[in-house]
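Asker: Once you've had a glance at the structure underneath, I'll fire off some questions.
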Amino acid sequence: MAEKKRLSREEARKRIEELRELINYHNYRYYVLDSPEITDEEYDELFRELVELEQMFPEFITPDSPTQRVGAPPRKEFGEVRHTIPMLSLQDARNEDELREFDQRVKRLLGLPQDADIEYMAEPKFDGLSCEIVYENGRYTLASTRGDGVVGEDVTPNVRTIRSVPMRLLKPKDLPIPKRIEVRGEVLMRKDDFEKLNQELARKGEKTFANPRNAAAGSLRQLDPNITAQRKLDFVAWGVGVVEGVTFKKQSEILDALEKYGFKASRPRKVCKNIDEVIEYYRAMEAQRESFVYELDGIVVKVNDLSLHEKLGQTSRSPRWAIAGKFAPRRKTTRIIDVVYSVGRTGTITPVAILEPVEIGGVIVSRATLHNFDFVRLMDVRIGDTVIVQRAGDVIPEIVTVIKEKRTGKEKPIQPPEKCPVCGADVVKEGAYYRCVNISCPARLVQSIIHFASRRAMDIEGLGEKTARLLVDRGLVKDLADIFYLKKEDLLKLPGFADKSAQNLIDAIERAKKDVPLWRFLYAIGIPNVGEYTARVLAERFGTFEKLKNATYTELLEIEGIGPEIARSIVEFFKEPRNIQVIEKMFKAGLTLKEVTGAEVKESPFAGKTVVFTGALKSMTRDRAKELVEMLGGRVSNSVSRKTDLVVVGENPGSKYRRAQQLGIEMINEEEFLKLLREAGIKV
Ligand code: IVH
């Protein structure tokens, strides 16, 4: 630092310039390409040097300096910005037929035969907030929201805080820097950042956002840009307004150029030779919609040749050269008719809303989870409320918004139960949750059986919810060990069982009790807070059931990944004589465990590795694949960098595939991935 003090004014100016270039470049590597070249510490070092020099020579501070991304003072109101070219909206196509109608309309308007092929650009439709950013001679000068399409709000200081928005355009080798370019795109919040933000807001007792789009809008449209700076926002460019100094012939050229200038532009995108290829893209995107880091609500199809845009023109609201191909909605409005309480395997009582049935994505939804009573209180949900329900992928339907405007005054508040709704025992409050204190509560037993028998636990085929309920109701199973003592005659007394099905279940139980890997057993017996991953860590560390059973709190705490809460749960579980009795009873019935030594388990193919998924997997959801890799000691990342060890390539892989190729990272297909999982003892 002492050395820098001796810099002359001119030397300081040069160094400041150099540092800005460097920092901008590394910002781009980090926030746009997701592929940093330097460590965080090295980056901080450059940043600190720039801050110090700017403090010494404040006359050199410019609004596009990386140091100015945060800290602008709050304003009283947003200024207005008139868009040079109005920001139109898009017409919707709700299905494949309507996409084909669009193609026919385009050809009709252009006077082309119906069997001609039109080249289209197909892109994801990002569900965010549209925004226009102006660059003059490569420098960030103005940012505005879409507003009513003609006049938007001035959000220049706010957008400046979004790290994936360049403050200076990169200088591509094959393209000049335009005198002026109006870049249009979507301000977004990633789904995982949205979840984190909502958790934090809920913890602070503040109002949460209904979806990532509202969160992005609420975070961007803040009079105090410091708040925007604290929220993780992203920007993806999908087009341009006025461009002076560069001409483009195709939409695909625009998106390629925007990437060269340093933006994230719509991806995965595809130049489609004709409408058939568009439909193929539409199907593939809908099938994979859950696996994207951003919320997508469809695709956007644009005629690729820009000269045709002029010929096609626009209506008052939308261009005739583009259309939005919407995905089937995953959200519907309905009403809560009642609330019931569901008692889980550890006694946790979950409020469940009973809904007026609605069809969402081909499935009739009549129940939705209300999570816990903190959620009920924060959302102020009441019986009789009109609500928006969401069903995404294989997760339980949930209520995302209460439409309070629809209240009539007759809605009834939802109260936590005073007694267990199943066995009548007392209920205790633990944080946001209420729990039945009776460890023999039949509801808990039913849930414990379902969990014990599930595929990822003991894998007893044919022992699902219905049978579990019957076994408990008829008194045939009073604890988990009783499952191993069931006889064919017992089952034959149950409705729905015939000779063959009864025999099948008995056989499945027999099979399940032999040579069970220790970690599977630990997961199956339902120790509170012990999921698959922890079960594996425990098996790895202790090797045998006997050793784990006698582990002390301090011994457990020493293990990486085991905190006080888990350690306490384990000790308490094995301190309870009834739990030990049940487990001993299982051993008496012939249960055998495959106990392991640490070395054997550590051979997990994913241990310590960073894994990235690209493309759709056929055999499981992305979430499940991630869970399995993590359970086997690996880490899953969303982007490919030099630190990535392995890339799992599914169907229709995206840009990550190309990056992995460029970087020479090991890639495997889904079959090979499944093989590795099987070798690690996972049933897939
Ligand atoms: S192009 C003339 N491309 O969807 C309008 N829009 O419903 C050209 N959007 O206001 C829009 N992703 O905010 C385009 N890849 C994409 C998009 C996209 C999301 C939004 C945009 C627009 C709205 C239209």
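The values are calculated or read from the model by the stated rules, or taken from the named source; none is laboratory data. Here the structure is a predicted model, which is why all the values come from computation and not from measurement. Glycine gets a Cβ as well: all are built from the backbone with ideal geometry, and neighbour counts include every protein chain shown. Note: accessible area is taken over every heavy atom of the protein model, side chains too, but ligands, DNA and RNA are not part of it. Shrake-Rupley method; radii C 1.70, N 1.55, O 1.52, S 1.80 Å.
Asker: For the chain, give the magnitude of the charge dipole about the Cα centre (Cβ charges: +1 Lys/Arg, -1 Asp/Glu; no others), in debye to the nearest 20.
Answerer: 960 debye
Asker: Give, as a single signed number, the net charge of other residues whose beta carbon lies under 15 Å from the beta carbon of GLY424, with Lys and Arg counted +1 and Asp and Glu -1.
Answerer: +1
Asker: Tell me whether the stretch 359-408 comes out rounded, prolate or oblate; compute the Cα gyration tensor, take square roots of the eigenvalues as a ≥ b ≥ c, and use a/c under 1.5 as the rounded threshold.
Answerer: Note, shape of the stretch 359-408 comes out oblate.
Asker: Would you mind classifying the stretch 82-241 by shape? Square roots of the alpha carbon gyration tensor eigenvalues, ordered a ≥ b ≥ c; an a/c under 1.5 is rounded, otherwise it is prolate if a/b is larger than b/c and oblate if not.
Answerer: Because a/c hits 1.5 or more and a/b fails to exceed b/c, the stretch 82-241 counts as oblate.
Asker: Separate question: Using a cut-off of 13 Å between beta-carbons, work out the net charge of the residues near PHE60 (Lys and Arg +1, Asp and Glu -1, PHE60 not included).
Answerer: -3
Asker: Less than 15 Å Cβ to Cβ from LYS311, Lys/Arg counted +1 and Asp/Glu -1: what total charge do the surrounding residues give?
Answerer: Every neighbour counted, the sum reads +4.
Asker: Could I ask something else about it? Summing -39500 (n - 2.57) over the DSSP H runs of n ≥ 4 in the chain and dividing by its residue number, what mean residue ellipticity at 222 nm do you reach, to the nearest 500 deg cm²/dmol?
Answerer: After summing the helix terms and dividing by the residues of the chain, the value is -10500 deg cm²/dmol.
Asker: Sticking with this structure for a sec: Which sequence of ASP193, ASP305, ASP515 reflects their accessible areas, 1.4 Å probe, from the largest down?
Answerer: ASP515, ASP305, ASP193
Asker: Could I ask something else about it? Taking the Cα centre as origin and putting +1 on Lys and Arg beta-carbons and -1 on Asp and Glu beta-carbons, what dipole magnitude results for the stretch 48-194, to the nearest 20 debye?
Answerer: That gives the stretch 48-194 a dipole magnitude of about 440 debye.
Asker: Next up: Let me know the longest stretch in the chain that avoids all GluC sites (Glu not before Pro) found in a DSSP loop with at most 15 other C-beta atoms within 10 Å.
Answerer: 207-417
Asker: Accessible area of the chain with a 1.4 Å probe: how many percent of it is carbon plus sulfur?
Answerer: 49 percent
Asker: Order the following by accessible area, largest value first: LYS406, LYS191, LYS643. Probe radius 1.4 Å; ligands, DNA and RNA are ignored.
Answerer: LYS643, LYS406, LYS191
Asker: Still on this structure: Rolling a 1.4 Å sphere over the protein heavy atoms, what is the accessible area per residue of the chain, to the nearest Å²?
Answerer: The answer is 49 Å² per residue.
Asker: Right, here's the next one. What is the helix-to-structure angle for 251-260, meaning the angle in degrees between its Cα long axis and the longest Cα principal axis of the chain, kept from 0 to 90 and rounded to the nearest 10?
Answerer: Orientation of helix 251-260: about 90 degrees from the principal axis.
Asker: In whole Hz, what ³J(HN,Hα) sequence does the stretch 229-246 give by Karplus (6.51, -1.76, 1.60; θ = phi - 60°), x for Gly and Pro?
Answerer: 4, 7, 8, 8, 10, 9, 9, 10, 7, 10, x, 9, x, 6, 10, 10, x, 9
Asker: Take the alpha carbon gyration tensor of the stretch 195-293, find the square roots of its eigenvalues, order them as a ≥ b ≥ c, and report rounded if a/c is under 1.5; if not, report prolate when a/b exceeds b/c, else oblate.
Answerer: Oblate, since a/c reaches 1.5 and b/c is not below a/b.
Asker: Right, next: When the distances between all Cα atoms of the chain are binned every 20 Å from zero, what whole-number percent does each bin get?
Answerer: Here the calculated profile for the chain is 14, 42, 33, 11, 0.
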